[in-house]
Structure formats: C-alpha cells, structure tokens
Amino acid sequence: MFLYNRFEALRVARGITKTFIAQSLGRSPTLCQDWKQQKSQPSDAQLREVARILGTSSAYLRGETDDPAPLGARDAEMEELLTTLREREDMRMLFKLAQDASPEDVRQAVKIIEALRRHD
C-alpha cells in the first residue's frame, strides 16, 4: 500500500513539486491530491517512476522497508521480478511450481518455454 506521508516528506525534502510529479506521469495536476485523499493509489509502474524521481525505492514508498536509499541495479531487478509476481497470477503459479524443482528440472522447463516461443 502506498504511504502518502513518505512520498510527501521526500518530495518536499527534494524540492519537487506535485505538478512536476503529475506531469512526469502524464497525469492531471490533481493526481497527488487524489493520492493524499486516498481516492486512488499509484499503479506499480507509476510508483516505480515516482521512486526514481524521488531517489528512493517503491518498496520504501509502500512501507516494505524503512530504508529510503535507492535500490542498486540488482535490487531493482529483484523489485521488477516481485512486481511481476504481484501482478500476474500465472507467474505466481509458475514460481510455486518451480520452487521445489531441481536445477535440471528448471533448465528443462526453460527449454520447453523457449521452444513454445519459437513456434508462436
């Protein structure tokens, strides 16, 4: 869940206007007000962009960590994977099936998926 107070504190500390945030997302100037009043929440894509603008992580803006430091490249990749798992039920199902698989099972599954892609 998006924590508006964290967003607002970072935005003010960095001297970034709400208008700039809204324009960067291609949205109306009332966007941040809607977030404040909990009329809407930023999408995962919007949250990633806001985090980038504010120099933090979307995990910090969601309250998943208390460290406002931006993510490194490897952490950003992990965050992207976690976002995909959150958004796509099919990927969660695939991940659950692969959790107990041996490394060889995973390699075989990858080969199957690659073969399916070549036939599309």
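Against the criterion of being crowded, with 16+ Cβ neighbours inside 10 Å and more than 20 Å from GLU87 (Cβ to Cβ), LEU10 qualifies. The number of residues in region 21-57 that are free of Cβ contacts under 8 Å to residues at least 12 places away in the same chain, more than 23 Å from THR84 (Cα to Cα) and part of a helix (DSSP H, G or I) comes to 3. Taken together, ALA59, ALA51 contain a single residue that is closer than 26 Å to ARG27 by Cα, assigned by TED's automatic domain parsing to the domain that holds THR30, touching a Pro at 6+ places or on another chain (Cβ under 9 Å) and not charged (D, E, K, R), which is ALA51.
The values are calculated or read from the model by the stated rules, or taken from the named source; none is laboratory data. Remember, it's a predicted structure, so these values are computed and weren't measured experimentally. FYI the Cβ positions are ideal-geometry reconstructions off the backbone, even for glycines, and counts take in every protein chain you see.
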